[in-house]
Amino acid sequence: MSADEARAMRDAVSQFVRAFGLHRPEQTPCGQAMSVSEAHALAEIDREGGLRQVELARRLRLEKSTVSRLVGQLTGRGWVERADAAGDGRGVWLTLTGQGRRAADRLAAAREARFAALLDRIPPDERPAILAAVRRLAEAADDQ
């Protein structure tokens, strides 16, 4: 890869981050009043119906201490409950509260609407290539 290609990639990703709103710490790109980390944590816990905290850290690719603080924020908002993980005295099991389920539902609906609106702005014949490119970019980032 040339230096020009690397700069073009950097600029394109930076432009996307800003245009999509990923640089705003106080809200998600779909307009929900929570951090992107909180949104991803809620979605993961919701998807599984409950999750061990260590598994949440693995899925979010965050350090255990960072996830511990994140879970503290979610608990403080009344969205997540902590309990001892079955069969593991040191493990923590996370579930959504009723309020957390409602927040996760709002988040899911807002995400669906945001991504549908984004795809609507791309011509239908270009969508498969865009989706393939985004998946490939994620795989390349994952390999590092």
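Tell me which residues, restricted to the range 82-94, are farther than 14 Å from GLU38 by Cα and not in a loop (DSSP other than H, G, I, E, B). Don't jump to the end; show me each part of the working.
Let us first name the residues in the range 82-94 that are farther than 14 Å from GLU38 by Cα, namely 82-93.
ARG82, ALA83, ASP84, ALA85, ASP88, GLY89, ARG90, GLY91, VAL92, TRP93, listed by residue number.
Among what's in the range 104-125 and is under 17 Å from the mean Cα position of the chain (by Cα) and among the charged types (D, E, K, R), pick the residue that is nearest to ALA33 (Cα to Cα).
ARG106
Among what's in the range 89-116 and is in contact with a Gly (Cβ under 8 Å, 6 or more places away or on another chain), under 26 Å from PHE20 (Cβ atoms) and of a type outside the set (A, V, I, L, M), pick the residue that is surrounded by the most Cβ atoms within 10 Å (Cβ to Cβ).
Per the stated criteria, the residue is GLY100.
Is it fair to say GLY87 is at pLDDT 95 or above and farther than 30 Å from MET9 by Cβ?
No; evaluated as a whole, the condition is false for this residue.
Got a number for residues in the range 23-51 being within 18 Å of VAL80 (Cα to Cα) and not hydroxyl-bearing (Ser, Thr, Tyr)?
Count: 18.
Being assigned to a strand (DSSP E or B) and either within 15 Å of VAL36 (Cα to Cα) or more than 16 Å from the chain's Cα centre (by Cα) (or both) is the filter here; which residues of the range 46-79 pass it?
ARG52
Restricting attention to the range 21-42, does a residue exist that is part of a helix (DSSP H, G or I), in contact with a strand residue (DSSP E or B) (Cβ under 9 Å, 6 or more places away or on another chain), under 18 Å from ARG111 (Cβ atoms) and touching a residue at least 12 places away in the same chain (Cβ under 8 Å)?
Yes, the range 21-42 contains a residue that is part of a helix (DSSP H, G or I), in contact with a strand residue (DSSP E or B) (Cβ under 9 Å, 6 or more places away or on another chain), under 18 Å from ARG111 (Cβ atoms) and touching a residue at least 12 places away in the same chain (Cβ under 8 Å).
Quick one: what pairs do we get from the range 117-144, first residue closer than 22 Å to ARG10 by Cβ, second modelled with pLDDT of 95 or more and surrounded by 10 or more Cβ atoms within 10 Å (Cβ to Cβ), C-beta under 6 Å, 6+ apart or different chains?
These pairs meet every condition: ILE130/ILE122.
The values are calculated or read from the model by the stated rules, or taken from the named source; none is laboratory data. If you're wondering where the values come from, they're calculated on a predicted model, not measured in any experiment. With ideal geometry, Cβ positions are generated from the backbone for all residues, glycine too; neighbour counts draw on all protein chains shown.
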